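Data block below; observations after.
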Amino acid sequence: MSKAFYASLAEPSQAIHAWKYTPWKKLHPTGKLNEVPDDFLEAVVILSMMDGSDLPSGVSLERGDDSKTSLLQEDDKAVAFLRAACDGNTWELNIEANTILSSPLHVSIRASGHLSVSHIQVQVGNNSDVEIIWALSGEAGWFGLLREGIIGHACHYHEGIEQALSSSSTVIRAESWKTGRDATMTTSLLSIGGELVRSDLRAILDKGATYQQFIASNGKGIRRDNHHLQVTHPVGNNQSELVIHNACDDKSRAISTGRLTIAKGADGSDASQIFKNLLLSQKARADSIPELEVLANDVSAAHGAASAPLDPEQMFYLMSRGLDSEESEGLIVGGFLIAAFEKLPRDSIGNWLKGRLAIHLDCNLLE
Amino acid sequence: MQFKSRIRAMIGLSQQMHRRGINMSQEARDMSQEARDAVGDYRYGFHDPENATIRFDFGLSEQVVRDISEIKNEPHWMTEMRVKAYKHYISRPMPDWGNSEMLNSIDFENICYYLKSSKGSETDWDEVPEDIKNTFDRLGIPNAEQKWLGGVTAQYESEVVYHSIREDLEEQGVVFLDMDSGLREYEDVVKQYFGSVVPYSDNKFSALNTAVWSGGSFLIIPEGVHVEMPVQAYFRINSKNMGQFERTLIIARPGSSVHYIEGCTAPTYSTDSLHSAVVELIAEEGSHIRYSTVQNWSTNVYNLVTKRGIAYRNSTIEWVDGNIGSRLTMKYPAVILKEEGAHAEIISVAYSGEGQHQDAGSKVHHLAPNTTSRILAKSISKNGGRSSYRGLVKVSPKAHNCKVSVVCDALLLDADSRSDTYPTMEVSNQSCVVEHEASVSKVSGEQLFYLMSRGHTEEQAMGMIINGFFEPFTKELPLEYASELNKLLEMEMVGSIG
């Protein structure tokens, strides 16, 4: 996608749900809005098996083709910018049909330099059963990640993502996924890195598909974490579930916008979204906008949102057992964040995320 | 002669007179005769002959704004405010959210912005012109006034034609006037509060209302006075292509309370009318205002209304809002909880039938500590209708220990209808508790089966379930209104099965 195409797009209006709170001018790396800098470095992407064994046959990471039909929103300003910054470079993670892995795959994406970018296309063949751990790290000042994927029919695809870039980074993510018939896709995200983070995550479901997105975000300092989740049910008899748990400390801000759309005739759809915010300091802020658009009647669609401070009873309970207030707060925050992953169907990803969160919270305690 | 050229001829004929602000009504009456006879199922879809004493040509200009002000013999500051608002209105773009397609289809140049059908506001029904009196008789207003109302305002087109208040309330110092009389008799109060809650620059339609407002209610409840019986305003649009822009200001002094009810109907025409009101409530310390609306405009009316109240220390503002009619409603009653201990309660229900879009919701701003709010929104969509809940809860950094609860429920009765929920919660204070939940579903088969197994037809069973669904709203209304609303809903539900 060309720089000229990016420049031809208008700046997104704040009336657009996805752009309501974090405008593009705040995210652009130089502030010159029609410019796509030339000095982007491509992030280093490494694929391996989590248990250290060799990659099995049927699994490959190769250079991809950016000119192929994309699931990403072509006319979105951020997507066009990132594609222009990638300059045609993409990675293609291919998992052949009927692949069943006993151990999770591990994809490391390391972003370094002033400006960094990566575009990854995932293709999972029919009837496969895979788990992938994605580790996003690095000290890049500005990092943009495009991910798109097609999950084949009757697949089981589960992924865990740790976004742990430098605490001063700006991180932009744009993703689009399409699940095949009777496929199951679970995405669990632990968002702890970056100072200014915006993620636009979208999914389209086929008949019989199940899509679950679980997000835990921990805000410290002046961190701003903006998640926009969009799930479309163009056909019925499928299920989607979105869960976000935001813990906001210091002057941090969590923004969660969601839109569940059930199209006309998509009977039998079951869609829900739950956004919970734990406010830990006087200057923390949380915004939740869980939207529903329902055009079919034989459906179940629901959303819920809640914001609250630490429960003083829980604090009292822990402190009466000898913990100081910081340790008690750390335990409660850890429990609140990990609860976002309680419906994970596989232990391996859940245990890994719990371990990463424990390390992160321990480091916070030491600061 | 073709219809359009007739209108042009009529406008040409009347322009000279219009420059003087006055236009005779014969041609307009002829046009009114052509109004569609069929009123369908809408019970209030009848219309009466139009006997305008003053009718402005279609379209809006600065001169029209000045003429309205001149006819009303308003003070200079009000004229200037109208003109400023008009300039803001023309410079402000149409909202780019909501149902833009319907909004952009409104032909603002094909609307009459001022039409007066009587000499003035009367306090005796016998003095009201016969045809207007007939209209309100058919709507049951005088009967209701005698039985259970503390006061009545009846607005017909642009002007209030009748208002009354019980003597005992008047003796206690309650001021209940139409807004034009309020401006004449209490100019200082109006100057102080008019536009203080909803400034003309708030949105495009508040600017339009401020520019061309006419009629509405002006109500002041003195300190410590509790108005036990509700006061009611009734708004009726009779002509086609009519714009009604009433302005209501209610001030509850410390420790007082009032229940204000408004009802709205219009005839069914094939062309569109516009209702764009502004309502401002001021609840001073320890006071209580309940503002109930049963909006039952015909489905050719665009209903674009701005309603907002400011609640001071330990006061309560309640919006009880029922939207059944209109083609497009965009209405989000708001409360600004400005001082400690203030409370907001918003209960709204919406019914959307064929071709209707009820885009309703609520807004609450928590600006002070220990403020609380509760929002309950319910909607039903049927025959391709669309209901949207659009809400905002904003908790400011200084609003410690506030509590917010938002619940939205929607029922979809068929596969062609649509329900949307657009809630926004912005929380900037750590100590507050905000809860929101929403669900969209169809009528439970189990409930239908239960009722039908007890001998009800499917239609009756459905009607009972719908009435039960709206019960949290109807129980907040006076009995007479609640039973009327239930009847209305039953009528709307006819034919909903099979």
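The values are calculated or read from the model by the stated rules, or taken from the named source; none is laboratory data. What you see is a predicted model, and the numbers here were worked out from it, not measured in a lab. Don't worry about glycine lacking a Cβ; one is built from the backbone with ideal geometry, like all the others, and counts go over all protein chains shown. For accessibility, only protein heavy atoms count, side chains too; no ligands or nucleic acids. Shrake-Rupley method; radii C 1.70, N 1.55, O 1.52, S 1.80 Å.
Between chain A and chain B, the total buried accessible area stands at approximately 2700 Å², from heavy atoms with a 1.4 Å probe. Between the stretch A:264-280 and the stretch A:197-224, the C-alpha centres lie 12 angstrom from each other.
Counting, for every residue in A:270-282, the Cβ atoms of other protein chains within 10 Å of its Cβ and taking the mean gives 2.
The residues packed around residue A:182, meaning those with a beta-carbon under 10 Å from its beta-carbon, carry a net charge of +1 if Lys and Arg are +1 and Asp and Glu are -1.
Taking all protein chains into account, the per residue accessible area for the stretch B:57-97 stands at 50 Å² (1.4 Å probe).
Note on residue A:106: accessible area approximately 40 square angstrom, rounded to 10, probe 1.4 Å, nucleic acids and ligands left out.
Amide H contacts of residue A:41: A:115, A:116, A:117, each under 5 Å away and 5 or more positions distant or on a separate chain (H built 1.01 Å from N in the peptide plane; Pro and chain starts excluded).
Taking a virtual spin label 7 Å from the Cα of residue A:73 along the C-beta vector, which residues in the stretch A:22-56 bring their backbone nitrogen under 16 Å of it? Answer for the stretch A:22-56: A:22-28. Within the full protein context, the accessible area of residue A:5 is estimated at about 70 Å² for a probe radius of 1.4 Å.
For the listed peptides B:451-464, B:309-322, a ranking on the average number of other beta carbons within 10 Å per residue, highest first, reads B:309-322, B:451-464.
Distance between the 7 Å Cα→Cβ label points at residue B:171 and residue A:326: 7.2 nm. In the stretch B:51-446, the portion of solvent-accessible area held by carbon and sulfur atoms comes to 44 percent [1.4 Å probe, whole percent, DNA, RNA and ligands not counted]. Extending 7 Å from Cα along the Cβ direction at residue A:41 and again at residue A:10 yields two label points whose distance is 3.8 nm. Here the dipole of the stretch A:198-293 is about 500 debye; that uses its Cα centre as origin and unit charges on the Cβ of Lys and Arg (positive) and Asp and Glu (negative). Dividing the helix sum by the residues of chain A, where each DSSP H run of 4 or more adds -39500 (n - 2.57), gives a mean residue ellipticity at 222 nm of -5000 deg cm²/dmol.
Amide H to amide H, with H built 1.01 Å from N, residue B:298 comes under 5 Å of B:266, B:326, counting only residues 5 or more places away or on other chains.
For the stretch B:429-443 versus the stretch A:11-34, the spacing of their alpha-carbon centroids is 28 Å. Accessible surface computed residue by residue for the stretch A:3-309, with neighbouring protein chains in place and a 1.4 Å probe, gives 33 Å² per residue.
Put the Cα centre of the stretch A:303-317 next to the Cα centre of the stretch B:322-349 and the gap is 28 Å.
Our summary gives the stretch B:175-307 a relative contact order of 26 percent, counting only alpha carbon pairs under 8 angstrom and 6 or more residues apart. Amide H contacts of residue A:305: A:275, B:436, B:437, each under 5 Å away and 5 or more positions distant or on a separate chain (H built 1.01 Å from N in the peptide plane; Pro and chain starts excluded). Take each residue in B:414-420, count the other chain C-beta atoms within 10 Å of its C-beta, and the mean is 6.
Result for chain A in a Gaussian network model with C-alpha springs under 10 Å: among A:313, A:159, A:11, the largest mean-square fluctuation is at A:313.
Just to check I understand the Karplus step: with θ = phi - 60° and J = 6.51 cos²θ - 1.76 cosθ + 1.60, what whole-Hz values come out for the stretch B:83-89, glycine and proline as x? Couplings: 5, 4, 5, 4, 5, 5, 4 Hz. For the stretch B:427-444, heavy-atom accessible area (probe 1.4 Å) falls by no less than 30 Å² from the chain alone to the full protein assembly at B:427, B:428, B:430, B:434, B:436, B:438, B:440, B:442.
In the stretch A:296-336, the residues whose accessible area drops by at least 50 square angstrom when the other protein chains are added to the isolated chain are A:297, A:303, A:305, A:307, A:309; the probe is 1.4 Å and only protein heavy atoms count.
In the stretch A:3-309, a dipole from Cβ-located charges (positive for Lys and Arg, negative for Asp and Glu) runs towards its positive end, and of A:184, A:294, A:132 it is A:294 whose Cα lies farthest in that direction. Highest GNM mean-square fluctuation among A:51, A:76, A:200, for chain A modelled with Cα contacts below 10 Å: A:51. Using θ = phi - 60° in the Karplus curve 6.51 cos²θ - 1.76 cosθ + 1.60, the 3J(HN,Hα) couplings for the stretch A:182-193 round to 6, 7, 10, 10, 10, 10, 10, 10, 9, 9, 10, x Hz; x is entered for Gly and Pro. Per atom type, the stretch A:3-309 shows carbon and sulfur on 47% of its accessible surface, probed at 1.4 Å. Among beta bridges identified by DSSP and lying wholly in the stretch A:3-309, the antiparallel ones come to about 10 percent.
Determine the alpha carbon to alpha carbon distance for each of A:178/A:264; B:191/B:403; A:20/A:343; B:394/B:442; B:204/B:394; B:116/B:331 and list only those over 24 Å. Listed pairs above 24 Å: B:191/B:403; A:20/A:343; B:394/B:442; B:116/B:331. The order of B:193, A:6 by accessible area, most exposed first and with a 1.4 Å probe, is B:193, A:6.
Of the residues A:323, A:165, A:72, the one that moves most in a GNM of chain A with alpha-carbon contacts below 10 Å is A:323. May I ask you to derive the relative contact order of chain A, considering only C-alpha pairs under 8 Å and at least 6 residues apart, and to give it as an integer percent? That works out to 10 percent. Solvent exposure of the stretch B:345-494, expressed per residue, is 38 Å² of accessible area, with all protein chains present and a 1.4 angstrom probe.
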